[in-house]
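Visitor: What follows is a structure written as structure tokens; I'll ask about it next.
The values are calculated or read from the model by the stated rules, or taken from the named source; none is laboratory data. Computed from a predicted structure; not experimentally measured. Please note: Cβ atoms are built from the backbone with ideal geometry, for glycine as well, and neighbour counts cover all protein chains shown.
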Amino acid sequence: MYRELRGVDVVSTHVVIIGAGYAGAGAAKRLLFKNPNLQVTVVNPRTEFVERIRLHQLAVGNREATLPLADALHPKAQLVVGTVTAIDAPEQEVRLANGRTLRYDHLVYAVGSTSRVDHIAGAREHAFPIAEYESASALRTHLAALPAGAPIVVVGGGLTGIETAAELGEQQPGSPVTLISSGPVGDDLTEKARTRIRRVLTSHGVDIVEGATVTRIDTTKIELADGRVLGAECAVIATASGVPALARDSGLPTDAHGRLLVDATLECPEYPGIVGAGDATAIAGGALRMSCQAATPLGAHAADTILRRLDGKAPKPVRPRFVGRAISLGRRDGVIQRTDFLDSPVGTVVGGRVAAMLKEQICVATVSWGVNPRRPVLFTWTR
Ligand SMILES: Cc1cc2nc3c(=O)[nH]c(=O)nc-3n(C[C@H](O)[C@H](O)[C@H](O)COP(=O)(O)OP(=O)(O)OC[C@H]3O[C@@H](n4cnc5c(N)ncnc54)[C@H](O)[C@@H]3O)c2cc1C
């Protein structure tokens, strides 16, 4: 089980981080900024950092969404390109798909989230989940070859679906775009923000269908639960996210969605050498909205928890401090919805070009401050 690390020479301490997204790359940066003597290994399936918050831009072709991990990871972190297939918590080892095994003193579980497609028949074969780099890249190729006027459908009326539909409406003006939502579009925003979003989507030519459930997708059409059939030569999935099954399959405690269950310090109570951060983690009693806004400070906090353990101190609980939701509506419009620290929307809404500019600055800052290893961590949720 967990080895008492007080008094252990930190030079020999090995931290393995699974996943080089916002949480994992941020954790590596924080650890090595504060203790350059640590041995930090980051396991990730590719040599690029994926800016997931720009995948809708990647899909329509107005922006790339990767940068080399050679630039995005702290230079003292060792990158192992591969996929972890099992975590052996009692033995403090992770196994990789290529057969390699890595031993760790501390493990950061930061594997992020995935698209869920199995709830819609035909989605796996015929639709393009926007939440993953490979499928967003495939969507870009598909869109480039799509004949003018071919109908496009976006499934999912949350923030990702809204951003994707707006981007498509703006960038593919020749093709009719329909946004399908089981509930009201943007239903966790204020009425003011929702009204603005609907107006901008409509101005981009996006047709909004609410209260509809997609049951089947094929190459030319989608079917709704109420019997309606809509033409769709391109179907984009932007519904609720799932998470990799790694924690559950490894016998670690998870919530009903398969997220690693951690306490308020981000430690896994059964195995305190394991800390979790980002989308793939649920804090017992109050899972946070999956977001880059949470993943970045959670990554830093996971690092702080490890560093405090190494110093022989008790780790601190994380204190969420959400500030708002920034939604792009194409390149020239947007909505910023202010929230309280616990992520509940409150009155203020900013729209138009100012919101678009703010959103772009936020996207830039997530990399230039959250990830860039040459700059210290800008903000944390540790107090
Ligand atoms: C189109 C779009 C727009 C978005 N816009 C916003 C926004 O405006 N604001 C916001 O706050 N959030 C936004 N999000 C959500 C945000 O992108 C995620 O919440 C964020 O990426 C989570 O960060 P993470 O570090 O937990 O995971 P990720 O960024 O997903 O990184 C996880 C990493 O782990 C790797 N990995 C997975 N499994 C393994 C394994 N077994 N072994 C090794 N490596 C593994 C993955 O390949 C990946 O590199 C958006 C998402 C999408 C798709």
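Visitor: In the range 259-270, which residue that is farther than 18 Å from ALA245 by Cα and more than 13 Å from the ligand (Cβ to nearest atom) is surrounded by the fewest Cβ atoms within 10 Å (Cβ to Cβ)?
Guide: To start, the set of residues in the range 259-270 that are farther than 18 Å from ALA245 by Cα comprises 263-267, 269-270.
Restricting the remaining residues to those that are more than 13 Å from the ligand (Cβ to nearest atom) gives 263-265, 267, 269-270.
Values: ASP263: 18, ALA264: 15, THR265: 21, GLU267: 21, PRO269: 12, GLU270: 14.
My answer is PRO269.
Visitor: Same structure again: Give, as residue ranges, the strands (runs of 3 or more DSSP E) completely inside the range 269-357 that count at least 1 residues that are within 28 Å of ARG30 (Cβ to Cβ) and among the small types (Gly, Ala, Ser). Steps first, answer last, please.
Guide: Values: elements: 271-276, 281-283, 324-328, 334-339, 345-351.
Fully inside the range 269-357 and qualifying: 271-276, 281-283, 324-328.
Visitor: Looking at the range 154-172, which of the residues that are of a type in the set (S, T, N, Q) and over 19 Å from GLY242 (Cα atoms) is modelled with the highest pLDDT? Step through it out loud before you land on a result.
Guide: Just the residues of the range 154-172 that are of a type in the set (S, T, N, Q), to begin with: 160, 164, 171-172.
Cutting the leftovers down to over 19 Å from GLY242 (Cα atoms) gives us 171-172.
Values: GLN171: 92, GLN172: 84.
Ranking the qualifying residues of the range 154-172, first place goes to GLN171.
Visitor: Among THR305, THR348, THR339, which is touching a Phe, Trp or Tyr at 6+ places or on another chain (Cβ under 7 Å), of a type in the set (Ser, Thr, Tyr) and closer than 22 Å to ARG289 by Cβ? Break it down stepwise before answering.
Guide: Values: THR305 fails: touching a Phe, Trp or Tyr at 6+ places or on another chain (Cβ under 7 Å); THR348 fails: touching a Phe, Trp or Tyr at 6+ places or on another chain (Cβ under 7 Å).
Every option except THR339 fails the conditions.
Visitor: Pull up the range 116-147, narrow it to residues that are within 14 Å of the ligand (Cβ to nearest atom) and assigned to a helix (DSSP H, G or I), then point me to the one that is surrounded by the most Cβ atoms within 10 Å (Cβ to Cβ). Explain how you work it out, then say what you get.
Guide: Within the range 116-147, the subset within 14 Å of the ligand (Cβ to nearest atom) is 116-117, 128-137, 139-140.
Going one step further and asking which of them are assigned to a helix (DSSP H, G or I), we end up with 133-137, 139-140.
Details: TYR133: 17, GLU134: 12, SER135: 21, ALA136: 25, SER137: 16, LEU139: 27, ARG140: 17.
Checking each candidate, the answer is LEU139.
Visitor: Going by the conditions given, is ALA326 within 12 Å of the ligand (Cβ to nearest atom), touching a helix residue (DSSP H, G or I) at 6+ places or on another chain (Cβ under 8 Å), closer than 28 Å to HIS257 by Cβ and without any contact (Cβ under 8 Å) to a residue 40 or more places away in the chain?
Guide: Working: within 12 Å of the ligand (Cβ to nearest atom): yes; touching a helix residue (DSSP H, G or I) at 6+ places or on another chain (Cβ under 8 Å): yes; closer than 28 Å to HIS257 by Cβ: yes; without any contact (Cβ under 8 Å) to a residue 40 or more places away in the chain: yes.
Answer is yes for this residue.
Visitor: How many residues, within the range 339-360, are over 23 Å from HIS204 (Cα atoms) and either surrounded by fewer than 18 Cβ atoms within 10 Å (Cβ to Cβ) or of a type in the set (Asp, Glu) (or both)?
Guide: First, pick out the residues of the range 339-360 that are over 23 Å from HIS204 (Cα atoms): 339-348.
So of that shortlist, the ones also either surrounded by fewer than 18 Cβ atoms within 10 Å (Cβ to Cβ) or of a type in the set (Asp, Glu) (or both) come out as 340-344, 346-348.
Of the residues in that region, 8 qualify.
Visitor: With the checklist (1) within 16 Å of the ligand (Cβ to nearest atom); (2) touching a Phe, Trp or Tyr at 6+ places or on another chain (Cβ under 9 Å) in hand, flag the one item GLY273 doesn't pass.
Guide: Here GLY273 meets the rest and fails (1).
Visitor: Suppose we keep only residues that are in a loop (DSSP other than H, G, I, E, B) and at pLDDT 95 or above within the range 188-218. Which one would you say is nearest to the chain's Cα centre (by Cα)? Give the derivation first.
Guide: Within the range 188-218, the subset in a loop (DSSP other than H, G, I, E, B) is 188-190, 204-205, 211-213, 218.
Filter once more, so that each one left must be at pLDDT 95 or above: 189-190, 204-205, 211-213, 218.
Details: LEU189: 19, THR190: 23, HIS204: 26, GLY205: 28, GLY211: 26, ALA212: 26, THR213: 24, ASP218: 27 Å.
Here the residue is LEU189.
Visitor: Quick check, is LEU69 surrounded by fewer than 24 Cβ atoms within 10 Å (Cβ to Cβ), within 15 Å of ASN372 (Cβ to Cβ) and within 10 Å of the ligand (Cβ to nearest atom)?
Guide: Details: surrounded by fewer than 24 Cβ atoms within 10 Å (Cβ to Cβ): yes; within 15 Å of ASN372 (Cβ to Cβ): yes; within 10 Å of the ligand (Cβ to nearest atom): yes.
So LEU69 fits the description; yes.
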